Structure formats: structure tokens, C-alpha cells
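The values are calculated or read from the model by the stated rules, or taken from the named source; none is laboratory data. Computed from a prediction, not measured in an experiment: that's the story for all the values here. Cβ placement follows ideal geometry from the backbone for every residue including glycine, while neighbour counts extend to all protein chains displayed.
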Amino acid sequence: MKASQSQKLKQASDAGFDFLSNLPDLVKVKILALLPFKEAVRTSTLSKCWRHTWFSMPSLVIYEDEIGFQTLSEFITFVYRLLSSHAHSMAKLKLVFRHRYNYERPDIKEDLVKWINTILEKHVHELVLDSGYYSTIEIPDCLFSLPELEVLNLKCFELNVPKHIDGFKMIHSLKLDTVNITGIEIERLVLSCPLLKYFLIRTKYLGLNDLAIRSPSLLELDIDADFKDLYLETPKLVTLSASIISTFVTYDIYNEPVYDDDEEYDFPSKYENNISRLMCCLPQVENLDICYNFVRYLDGGVVPAQLPVSLNLTKMTIEFATEYSDVARCLLQSAPRSCYLHAKFHSEEIQVFPPWLRFWDDAGAIDCQLNQLKTVILGNGCYYAKCIVSFVKYILKSAPILEIVGFEEPEDTWSRQSRPFKETMKEVLKLPRLSNKAIIKMIRS
């Protein structure tokens, strides 16, 4: 039987029958999707069938450095011809170009206009534009008129949001990574997306202005920016990840950012109680991930003894120094249904002074507040201070169904084998536990 099939294949081949070209279109599309972009382009020379398949691809992911163009001009021309020749609508278009190495055309805004006007005709649903590094490339206004766009990711651009936006009515996911944009423009952009579910903003260029996010539909918010004050009007928000960039940014002769991490920035706020004001804006929040500088921001003003109860909050990741332990305690007390806690101790933990040294010892057990807590992960490798032992003791005597307290292993061998680390672990292992299921162990980060 196999010999007969081989003979038929040979006869068909001798007769000039092209099996590859006669594959079903769906199979050819899957083959192209698995090939590197440069090789996928070459298939268009095989036959008219493959050329038709190539120009009908539902998704195009184009990396300039994979194709090997010598100049940005060649890449721009190639992309324009490719988009113009594409026969059908596109589910996704991703363009990544390393603008840093192309100095012959410092401004490609006109080229972006041509690309986007062509995209308008292709009914793109997901658009990703990445210039690779911080740049002064300005996104043209015509981008904001894409009516069918559902997902937009922009990285390393300048963004001037027009006062009136015609498109964006269908967008549910918006990522702005390393963009130059003002707080007012962010607010206006978010308001123009009535179906927005996910929003990420990472920028070092807000200039310490206020940041307001107003969205009745937003479910997930990821902020990493240099804002001064944060105002949220997001009644359906489920997940909040927040960090404040405190590094001071300058730029070298190549327009690359240079960060001065030695500069410390204080977080003055016009509000008297940052933590209460924020939590009152998050009635549905389930996941909270806040970094060290954001904890410092929440510490601004007066930290109350008790926050309103957040019944939906079940998972928390908090990075803090002992100086801001009252913020961590306040959040723990407000989340009686929390089942997962990831506590990251900031490097300042190695220098702790009264009254914070005995903060967790003096706090005592929280009656009926950590009844659902099952998993606690301790991270950042700062395990030498007595306050960390006190924090673990506080957790162990407050969580009746606790199952695991995991210490993330220090990355370097010296820290794992050091005497202070071993003594800390010995002391922790001796602590009494309210839960008879609780175990303490090392885990890989």
C-alpha cells in the first residue's frame, strides 16, 4: 500500500502537480504563522497560490531587525507596500523598528500617517507599534480615528491626544509603555474608550503632575509613572498594580534616558489621607500589587487605625520598609477574606530603628481578620532584621488556616550561607503557629 502511494506521489510530481500550492488555505496560513517573518515573505515567490495566501494573512508581525534592512527608509517603503497589497482585513498588526540606529530620518510622522491611513482600510482589530527605544516620534492624530480597533499597544512614542477623538469606541485593551504624555491627556484618552477593560501606563515623563483615571468599565489597571497624586473613579476595578517612578531622568546626546537612582523624592500630597481615599475608590478590588514608592505615597497624611472592610480583596502583593508597616497592617486588617499575601521587604529593612523595630510585636493578633489566609510569600531576600521575624510571628498567630510561609531564596550563594540568614531562619522555625497545617520553607523566586 505504501509503495503504491509513493508511486502515485512520484507520478503526480513528474506530471508537475504542486502539492504545496494545493494545500488548503487554512493549512498554508498555519505554516506561514510558524515561519520566521523573513522566510514567510519568501514563500510569496513560490507560486501565485502562496502569494495570495501571504497577502491574506490575518495577522502580520514585523520586526525590522529580522528582515535586515540597512536603512529606515527601506523598512518604511517595505511596510507601506505590504500594507497596501494586503487583500483582506487584519486581526493583528505588529510593527517593531529600531529607530535608534536610523539617523537619516529623525521624523517619520508623515510615514506613520501613510501607514495608519492604509490600516484604516484594512479594519485592523489589534495594533502594536514599538520604536524600540525612547524616541521623539510623534503619533499622528489619524491614529485616533481607527473605528474598529480593539487592542492598542504603543511603546516609545510621543503622544499628543486630540481634544476630540472619533475612533476608539471599541477598544478594550490599551497599553502605553514609555510614552511622553501628560496626565490630562491620559484622562481624556481613557474617557474616550467606553469599553476599556485593561489599561497599562508606564511613563517617566508626566513631570510629577496629577493623574486621574475615570472609567466605568475598567477591570484591570497597571500604573508605573511619576505622578504626584492619583485619583481613581473606577467602580468595577478588580486588579490594581501601582508603582511610582521616583528616579530623576535626563537624556544623553543620543536621546537615551539616564536615571539617577541616588536621588530621593518625597511624596507631598494635597490630600490628608491617601490610603483611605484610594481604598474607598476600589469597592470591587480583588488583587492589589503595590510597590515600595506607592506604599510611601499611601503613607502620606494620616494612616487610620482601621480602613473600611474590602470583602472582595483576596490577593495582595506589598513591597514595604518597616517605616511604613502601618500601611501594610491597615491593608491586612481591611481584607478579612485575603487568602494570599506576598510581602516584599525593601532593602531599607537592614536599618531599622525604634519605634518600628517592635511594631509587629506590639500590634498583637488580629481577631477574626486573617481567617482565610492560606499562603504567605516573603521576598526580596532581606531576612536579617529582627522586624522580619516579628512580622512572621504576627502572621503565624493571626491565621488559623495558614498552610505555607515561603521564604524566597536569596539569589547569591553567600547570602544563603551567611550566619545572619541562618540565624533568622532558625528563629522563625521556632515560632508558635495558630494553624496546625502551617509549614515554613524556602522556595525559589
(message) Criterion first (closer than 18 Å to residue 287 by Cβ, among the aliphatic types (A, V, I, L, M) and surrounded by fewer than 17 Cβ atoms within 10 Å (Cβ to Cβ)) does residue 200 satisfy it?
(response) yes
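Every residue in the range 190-234 that is in a loop (DSSP other than H, G, I, E, B), within 24 Å of residue 310 (Cβ to Cβ) and modelled with pLDDT of 95 or more, please.
196, 197, 215, 216, 217, 218, 219, 234
Here's the yes/no breakdown for (1) modelled with pLDDT under 90; (2) touching a His at 6+ places or on another chain (Cβ under 8 Å); (3) part of a loop (DSSP other than H, G, I, E, B); (4) among the aromatic types (Phe, Trp, Tyr):
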position	(1), (2), (3), (4)
389	yes, no, no, no
392	no, no, no, no
401	no, no, yes, no
405	no, no, no, no
415	yes, no, no, no
420	yes, no, no, no
423	yes, no, no, no
432	no, no, yes, no
436	no, no, yes, no
(request) Take residue 145 and decide whether it is small (Gly, Ala, Ser), touching an Asp or Glu at 6+ places or on another chain (Cβ under 8 Å) and on the phi < 0 side of the Ramachandran plot. (result) yes
(message) Taking the conditions exactly as written (buried (at least 21 other Cβ atoms within 10 Å of the Cβ), assigned to a helix (DSSP H, G or I) and at pLDDT 90 or above), does residue 149 satisfy them or not?
(response) no
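For the range 287-341, what are the residues that are within 22 Å of residue 399 (Cβ to Cβ) and among the aromatic types (Phe, Trp, Tyr)?
Result: 320, 324, 340.
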(message) So for the range 71-80 (the condition being in contact with a strand residue (DSSP E or B) (Cβ under 7 Å, 6 or more places away or on another chain), assigned to a strand (DSSP E or B) and modelled with pLDDT of 60 or more), does at least one residue qualify?
(response) no
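A quick yes/no check of all residues on (1) modelled with pLDDT under 90; (2) crowded, with 18+ Cβ neighbours inside 10 Å; (3) touching a helix residue (DSSP H, G or I) at 6+ places or on another chain (Cβ under 9 Å); (4) more than 23 Å from residue 302 (Cβ to Cβ):
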| site | (1), (2), (3), (4) |
| --- | --- |
| 330 | no, yes, yes, no |
| 334 | no, yes, yes, no |
| 349 | yes, yes, yes, yes |
| 370 | yes, yes, yes, yes |
| 378 | no, yes, yes, yes |
| 381 | yes, yes, yes, yes |
(message) What's the number of the only condition in (1) part of a helix (DSSP H, G or I); (2) out of contact with any Gly (no Cβ under 7 Å at 6 or more places or on another chain); (3) at pLDDT 90 or above that residue 144 fails to meet?
(response) (2)
(message) For a quick check of your reading of the model, give me the residue pairs whose first member lies in the range 109-122 and is over 12 Å from residue 143 (Cβ atoms) and without any contact (Cβ under 8 Å) to a residue 40 or more places away in the chain, whose second is surrounded by fewer than 18 Cβ atoms within 10 Å (Cβ to Cβ) and not charged (D, E, K, R), with beta-carbon atoms closer than 6 Å and at least 6 apart or on different chains.
(response) 114/80; 118/84; 122/89
